[in-house]
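Input: a single structure, listed below in C-alpha cells.
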Amino acid sequence: MNKKRLFEYLKSQDNSILLALLNLAYDAIDINQRHDVFGKIIMEMPSSPVNCKNLWQTIKTFYEKSMSGYYYAPFDINSKNFSDIPEETDAWFDEIGDYLEDCSRLADQGDHKMAVQCFKVLHELIDVMEDGDTIVFADEYGTWMISGDKKWFVKSYLTSLSKVSTEEEYTMGAIPLIKRDSYESLHNKVYSAAIKIGTKDQTIHLKKEVQKQKIKTK
C-alpha cells in the first residue's frame, strides 16, 4: 500500500468519507492503539452533560456482561507469555474507567442519588474483580489498570454519598474505599477525603468505625 498516494487522494475527499474511514479504523485497532491514536483528542474534548437514565442502563448491561464472563479470556500462562494481557481485559478496565468518569460528571451535575447508585454497581464489580478470576484474566491485574483520574472518582462518589446518606450509610459506603486505599499504600488518600467531604455527624461515625476496624489511614 502506497501511503503517499493514499493520503494525496484522501486530501481531496469529503469529510463524511474521512469520518467513515476513521470509524472503520477505530473498530479495527485494539484498545492500546486507540489510546495512542485518539487519546490526545479525547483529552481535549469538552465535557458534555450525562444522561443519568442512559448511563444507568449502560452500567447495568456492563455489570451483567461482566458477571457472565463476557470479558474473561483465559489462556495457558508460561514463561514467554506471562506478561500478555488479553484485549478483553484491557477493554474491561477501559470501559469501567469511562463509566467512573461519567458517574463523576453526574455528581458534578448534582444528580447525586443516581451517581451513588451507579458508583455502587461499579465498585461492586471492582470488588469481584479483585477477589478472583471471574471478571478478567491476566497473570497480574488490579485497580491500577483503571484509566482516568482516580482521585476525582473517589471525591465525586464521596460527595454524592454525603449528600444522600445518613451517617451510617456514609460510613458503609466509604469504608470499602478506605480499606482498598490502605492496601494500595494510601495512594488516593481516601480517608482524608472522606473526612473532609462528610458532614460533622458522618465524619464522627466514620472515624469511630475506622478505629474499631483498625484500618490503616496513614
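Rule-based calculations on the coordinates, nothing more; no lab input. Nothing here was measured: the structure is a model prediction, and the numbers come from that model. We place every Cβ from the backbone using ideal geometry, glycine too, and count neighbours over all the protein chains shown.
A few notes on this one:
- Farthest positive-ward along the stretch 1-116 dipole, Cα basis, beta-carbon charges - from Val50, Met1, Gln33: Met1
- Magnitude of the charge dipole, the chain, Cβ model with Lys/Arg +1 and Asp/Glu -1, debye to 20: 1020 debye
- Burial ordering of Leu106, Leu177, Leu6, fewest other beta-carbon atoms within 10 Å first: Leu6, Leu177, Leu106
- In the chain, taking the dipole from charged Cβ atoms about the Cα centre, the farthest positive-side position among Gln117, Leu19, His205 is held by His205.
- Degrees separating the helix 52-67 axis from the principal Cα axis of the chain, which is the longest one: 90 degrees
- Order of Met1, Met67, Met43, Met129 - criterion: other Cβ atoms within 10 Å of each residue's Cβ, fewest first: Met1, Met43, Met67, Met129
- Farthest toward the positive end of the dipole of the stretch 128-189, out of Val154, Ala138, Ile178, is the Cα of Val154, where the dipole comes from beta carbon charges about the Cα centre.
- Pairwise FRET efficiency - Asp133 versus Ser79, Cβ, R0 = 30 Å, nearest 0.05: 0.90
- Prolate/oblate/rounded call for the stretch 128-174, Cα gyration tensor, a/c under 1.5 rounded: oblate
- The stretch 1-106: trypsin sites (Lys or Arg not before Pro) falling in loop per DSSP and having at most 14 other Cβ within 10 Å: Lys11, Lys80
- Relative contact order computed over the chain (Cα-Cα under 8 Å; 6+ residues apart), in percent: 18 percent
- What you get for the stretch 64-176, charging only the Cβ of Lys and Arg (+1) and of Asp and Glu (-1), is a dipole of about 480 debye around the Cα centre.
- Our estimate of slack between Trp56 and Ala20, defined as 0.36 nm per intervening residue step minus the Cα-Cα distance, is 10.0 nm.
- Theoretical gain in end-to-end length, Ser47 to Lys207 [0.36 nm per residue, Cα-Cα removed]: 54.1 nm
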